[in-house]
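Peer 1: Can you read through this structure? Questions will come right after.
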Amino acid sequence: MKTIGPPLFPMSESEALAAKVVGKPIGVVATMLPRLSPQCRVTTAQAVSVALRLGAPADVATEIVHQHLLKLFVSWPEHLGLGARPLPGNWADDPASVLDAVFGPLGEPVSAADFGQFLLSGHGVAPVLRAIDRVFEKGEACSAKLPLATPRNLWSVAPLENSAAMRHVSNPAMLAIEAARGRGPLWRATARVFDIAAVFDKVLPAPYSPEPGSAIVSTMRGIYGLQLKSEAGVVTAFRQVTPTDCLLAAGGVVQQSLASLDVARHELAPVVLEILDPCGPASLRELLEAHR
């Protein structure tokens, strides 16, 4: 797919944050940054701790699971006309109950055949995934096979696959969906389901610091990069790259997905955007106009 239009989400957010933190003491910045990122407060706190080596980083597992569950049980069902459901009881402390609520008695699908059986079972969140699959045609609201985000290429803010899906591209069910439907809404929604299991299995990539003052951490939407430089205890430089920066880059996943949606089907754009879930200020009207 060709690149269309200018970047939809330039580094202005990073620059705006830099204006707020540069010149302030490290301790103040460590407290301030998580407050400036309310949707990813714990993830940001973890990144700051890792970058500045302030001790044991915060655990992002609860934040990731909570955000995935809100999509699967509340936001997506409401957009699809299924009605919201309450989150699994005691979801923060009882992984078994969460996995049962998500997968049902069949448990996590291991093979593509298992996943097909799960979709037809009606158990767990299968009705939500089936509804997504029914709404979109093959190849509709899809993106190309973009390079997976890595600590090395993340800082380019190029079109990258920086999402929960990138953590599960080799999963047999994900490969089957990609072959049959493309890297579209079902592929991306299903990745959230497998991501919940990955959190509980403790197999998400661990946070680390490639060099002093930097951090790469796993988030609900992909990976987040942070760079902080300081002198004499004062922050002198700041930069971050978020999954949203990659999503909304020119020629990125959001632009490609909307471009593959027929103009006559633009009523589905809010559902596409809800599944892609960019956490940024770009409006749906701006996104649609960008690829006309």
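Peer 1: For the subset of region 125-137 comprising residues that are under 21 Å from the mean Cα position of the chain (by Cα) and assigned to a loop (DSSP other than H, G, I, E, B), which member is nearest to residue 103 (Cα to Cα)?
Peer 2: Only one residue tops the list, namely 125.
Peer 1: Here's a follow-up. Collect the residues in region 143-166 that are under 24 Å from residue 114 (Cβ atoms) and either among the aromatic types (Phe, Trp, Tyr) or buried (at least 21 other Cβ atoms within 10 Å of the Cβ) (or both), keeping them in residue-number order.
Peer 2: Across region 143-166, the qualifying residues are 163, 164, 165.
Peer 1: Within region 224-236, work out how many residues are closer than 11 Å to residue 214 by Cβ and in contact (Cβ under 8 Å) with a residue 60 or more places away in the chain. Please lay out each step first, then the result.
Peer 2: Filtering region 224-236 down to residues closer than 11 Å to residue 214 by Cβ leaves 225-229.
With in contact (Cβ under 8 Å) with a residue 60 or more places away in the chain added as a condition, the list becomes 225-228.
Number of matching residues: 4.
Peer 1: Quick check on region 189-210. Is at least one of its residues touching a Ser or Thr at 6+ places or on another chain (Cβ under 6 Å), of a type outside the set (Val, Ile, Thr) and crowded, with 23+ Cβ neighbours inside 10 Å?
Peer 2: no
Peer 1: What residue, among those in region 156-177 that are part of a helix (DSSP H, G or I) and in contact with a Lys or Arg (Cβ under 8 Å, 6 or more places away or on another chain), is nearest to residue 71 (Cα to Cα)?
Peer 2: Looking at residues that are part of a helix (DSSP H, G or I) and in contact with a Lys or Arg (Cβ under 8 Å, 6 or more places away or on another chain), I get 164.
Peer 1: Would you check which residues across region 52-71 are modelled with pLDDT of 95 or more and either small (Gly, Ala, Ser) or touching a Leu at 6+ places or on another chain (Cβ under 9 Å) (or both) and list them?
Peer 2: Result: 69, 70.
Peer 1: What pairs can you find where one residue is in region 71-94 and touching a residue at least 24 places away in the same chain (Cβ under 8 Å), the other is of a type in the set (D, E, K, R) and assigned to a loop (DSSP other than H, G, I, E, B), and their Cβ atoms are less than 6 Å apart, with a gap of 6+ or different chains?
Peer 2: 73/85
Peer 1: Examine region 248-271 for a residue that is buried (at least 16 other Cβ atoms within 10 Å of the Cβ), more than 23 Å from residue 163 (Cβ to Cβ) and in contact (Cβ under 8 Å) with a residue 24 or more places away in the chain, and state whether such a residue exists.
Peer 2: Start the filter on region 248-271 by keeping residues that are buried (at least 16 other Cβ atoms within 10 Å of the Cβ), which leaves 248-261, 268-269, 271.
In the following step, the residues that additionally are more than 23 Å from residue 163 (Cβ to Cβ) were identified as none.
So far as region 248-271 goes, no, none of its residues is buried (at least 16 other Cβ atoms within 10 Å of the Cβ), more than 23 Å from residue 163 (Cβ to Cβ) and in contact (Cβ under 8 Å) with a residue 24 or more places away in the chain.
The values are calculated or read from the model by the stated rules, or taken from the named source; none is laboratory data. All of these numbers come straight from a predicted model, not from anything done at the bench. When we count neighbours, we look across all protein chains shown, and the Cβ atoms used for this are built from the backbone with ideal geometry, even at glycine.
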